[in-house]
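Report on the following structure.
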Amino acid sequence: MRRLAAAIAVALICSVGIARQSAAPASFAPPEWDQDVKLTEAPDLNSDPNIVEIDLTARLADVEVAPGKKVHAWTYNGGIPGPLIRAQVGDRVIVHFKNDLPEPTTVHWHGVRVPIEMDGVPGVSQPDVERGGTFTYDFLVRDAGLYWYHPHVDSAAQVGFGLYGALLVEDAADQVNVPDELTIVLSDIGFNDKGEPAPPDGGGSAGMVFGREGDYVLANGKVLPTLLARSGAPQRWRIVNAAKSRFFLLNLDNQPFYVIGGDGGLQESPGTTTELLITPGERADVIVTPTKPKDGKLLLKAMLYNRGYGSVEYRTPEDVLTVTFTDEPTLPPQKLPAVHRTITPPSTKGATNVNVVLTLPHVAAGEKAEFHVNGVPSWKAEAYPAKIGETQVWTVKNDSSFAHPFHLHGFFFLPLDEKLQPIRPMVWKDTINVPLEKTVRFVVKFDERPGMWMFHCHILDHAEGGLMGHVHLTQEEQAGHTH
Ligand code: C2O
Ligand code: CU
């Protein structure tokens, strides 16, 4: 509906001669270019152009991730990943959720600035959705960007079994103008020859410390799917890493990624890289221009990235996606959009400093390891106070020998350098990699939504192993009572 309205609006504008921008860019994609990899979309049940209303059911289903390879997965609406939810910025999203799993669950809307009641954290923002139960999620999508959804009950297990999906919030005015666009959900899954998913406690304490990875690397739920391209034609890829532990250091046979955005939408200005790191929970918005090589195809690979012991030793890169080409000649170089966004960093003057140290205390053989945040695991931690309107500068020091993608619920932040200057180009983040034995800094300004907001490592085994906490955001006048 919204599309139609926009088309009419554009037609009206053009008919009175105000050419707001150049004509619609051409699609170069051959027919069915994305047929092998395209996500299923959740049908919008509401005719109101400003409301996206969908049904979402969590249930068991057999999913074929590679020819002859079926897994008894936990799914949203029967697929891995769950359906793509597509909305326009400013829309109201209503999700009629039903739990047909054998366990309680919830849905968390990763990165979306929802009110706390919609954040999907059991016991904090809502009760568990019990087996057979329902819950209606209802919120506005205030910010364009790629987000995602996943459970927040027993999340290492439930995400590992296949529960995750993408929520794309589009902005018709984003000026990117690359019509050949694809949303890619990266993940992995482990299962045995009977199709039973790998146990979430595999490897015991050592498995928790490493962060369990599945043996099958998936792009939109498939092992090594194929995408068809016209050589030299730009494509926009919106990518989310929904794996519970695996990092994706992407390389497209050394062809460049033109990076235009991250977690919270477009970035200040574009950048170029041949190796694109997307840690669990993070998103990337990139333009690629696949160019046909001599052997006729490209491979998108996940290269080795040292996120701790066991991540690079005796391992080789993984194949993620194959790009094949039509027989058409390579297009002459296409002009890529000069994406520009004004991002005003919150002032760090007078900001509250919050220091966080992440550790993995040594334990004797046979004892259970746990991750600590400032000396305590999550189950012994007190909430970190914050007031509405307050700006905080967080310094997150990683004193452990494993990397941690640090995620804050509900709020975007901007990464800072050692001098507390914004790292350029600026991009709003909700998840940031804290490499092993390194420190990252960010500034966050808390808006008007009070509540208990979680932060945690998005290696979900680490989160459950203690690397988790809460920010208690309160009204100024109540702050004295709560802390
Ligand atoms: Cu994707 Cu608690 O987060
Ligand atoms: Cu971690």
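Quick notes
- Residues in the range 425-462 that are within 22 Å of ALA157 (Cα to Cα) and β-branched (Val, Ile, Thr): THR431, ILE459.
- Filter pass, LEU473 being crowded, with 22+ Cβ neighbours inside 10 Å, more than 22 Å from the chain's Cα centre (by Cα) and away from ligand 2 (no atom under 16 Å from the Cβ): yes
Yes or no, residue by residue, for (1) in a strand (DSSP E or B); (2) within 16 Å of ligand 1 (Cβ to nearest atom); (3) more than 21 Å from HIS110 (Cα to Cα):
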site	(1), (2), (3)
THR395	yes, no, yes
PRO405	yes, yes, no
PHE411	no, yes, no
LEU420	no, no, yes
PRO425	no, no, yes
VAL443	yes, no, no
HIS462	no, yes, no
LEU473	yes, yes, no
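- Pair list, Cβ < 6 Å and 6+ apart or interchain, from the range 450-471 residues that are on the phi > 0 side of the Ramachandran plot to residues that are more than 14 Å from ligand 2 (Cβ to nearest atom) and assigned to a strand (DSSP E or B): GLY451/LEU473
- Subset of the range 427-436 [outside any strand (DSSP E or B), crowded, with 19+ Cβ neighbours inside 10 Å and within 16 Å of ligand 2 (Cβ to nearest atom)]: ASP430
- Scope the range 224-280; condition closer than 22 Å to GLN175 by Cα and of a type in the set (A, V, I, L, M); matching residues: ALA233, ILE239, VAL240, VAL259, ILE260, LEU266
- Considering residues of the range 226-267 that are within 22 Å of GLY145 (Cα to Cα) and more than 16 Å from the chain's Cα centre (by Cα) only, the residue surrounded by the most Cβ atoms within 10 Å (Cβ to Cβ): PRO234
- Qualifying residue in the range 239-257 (condition: outside the structural domain of HIS152 (by TED's automatic domain parsing), within 19 Å of PRO83 (Cα to Cα), touching a residue at least 12 places away in the same chain (Cβ under 8 Å) and not aliphatic (A, V, I, L, M)): yes
- Residue check for ILE189: under 30 Å from GLY261 (Cα atoms) and in contact with a Gly (Cβ under 6 Å, 6 or more places away or on another chain): yes
- For the range 116-140, filtering for residues that are over 20 Å from PHE161 (Cα atoms), in a loop (DSSP other than H, G, I, E, B) and within 16 Å of ligand 1 (Cβ to nearest atom) leaves 4.
- Cβ separations smaller than 6 Å between residues 6+ apart or across chains give no pair from the range 377-389 residues that are closer than 8 Å to GLY469 by Cα and in contact (Cβ under 8 Å) with a residue 60 or more places away in the chain to residues that are among the acidic types (Asp, Glu) and surrounded by fewer than 17 Cβ atoms within 10 Å (Cβ to Cβ).
- Residues that are in a loop (DSSP other than H, G, I, E, B) and either touching a residue at least 60 places away in the same chain (Cβ under 8 Å) or crowded, with 24+ Cβ neighbours inside 10 Å (or both) within the range 162-182 comprise GLY162, LEU163, TYR164, ASP171, ALA172, ASP174, GLN175, VAL176, ASN177, VAL178, PRO179, ASP180, listed in sequence order.
- From the options LEU420, LEU408, residue that is out of contact with any helix residue (DSSP H, G or I) (no Cβ under 8 Å at 6 or more places or on another chain) and over 28 Å from HIS152 (Cβ atoms): LEU420
- Checking THR439 against (1) closer than 17 Å to ASP119 by Cα; (2) surrounded by fewer than 21 Cβ atoms within 10 Å (Cβ to Cβ); (3) not small (Gly, Ala, Ser), the condition it does not meet: (1)
- Qualifying residue in the range 345-357 (condition: of a type in the set (S, T, N, Q) and within 26 Å of GLY160 (Cα to Cα)): no
- When we screen LEU336, LEU299 for residues that are under 30 Å from VAL37 (Cα atoms) and either in the same structural domain as LEU416 (by TED's automatic domain parsing) or in contact (Cβ under 8 Å) with a residue 60 or more places away in the chain (or both), the only hit is LEU336.
- Scanning the range 34-72 for residues that are crowded, with 17+ Cβ neighbours inside 10 Å, of a type in the set (Gly, Ala, Ser) and under 17 Å from PRO225 (Cβ atoms) returns no hits.
- All positions within the range 356-396 that are under 23 Å from the mean Cα position of the chain (by Cα) and surrounded by fewer than 17 Cβ atoms within 10 Å (Cβ to Cβ): THR395
- Only listed residue being within 30 Å of GLN334 (Cβ to Cβ) and either buried (at least 20 other Cβ atoms within 10 Å of the Cβ) or not β-branched (Val, Ile, Thr) (or both), chosen from VAL153, VAL209, VAL185, VAL159: VAL185
- Criterion (loosely packed, with under 13 Cβ neighbours inside 10 Å, closer than 30 Å to SER245 by Cβ and not hydrophobic (A, V, I, L, M, F, W, C)) met by exactly one of THR322, THR272: THR272
The values are calculated or read from the model by the stated rules, or taken from the named source; none is laboratory data. Note that the structure is predicted; figures quoted are calculated from it, not measured. With ideal geometry, Cβ positions are generated from the backbone for all residues, glycine too; neighbour counts draw on all protein chains shown.
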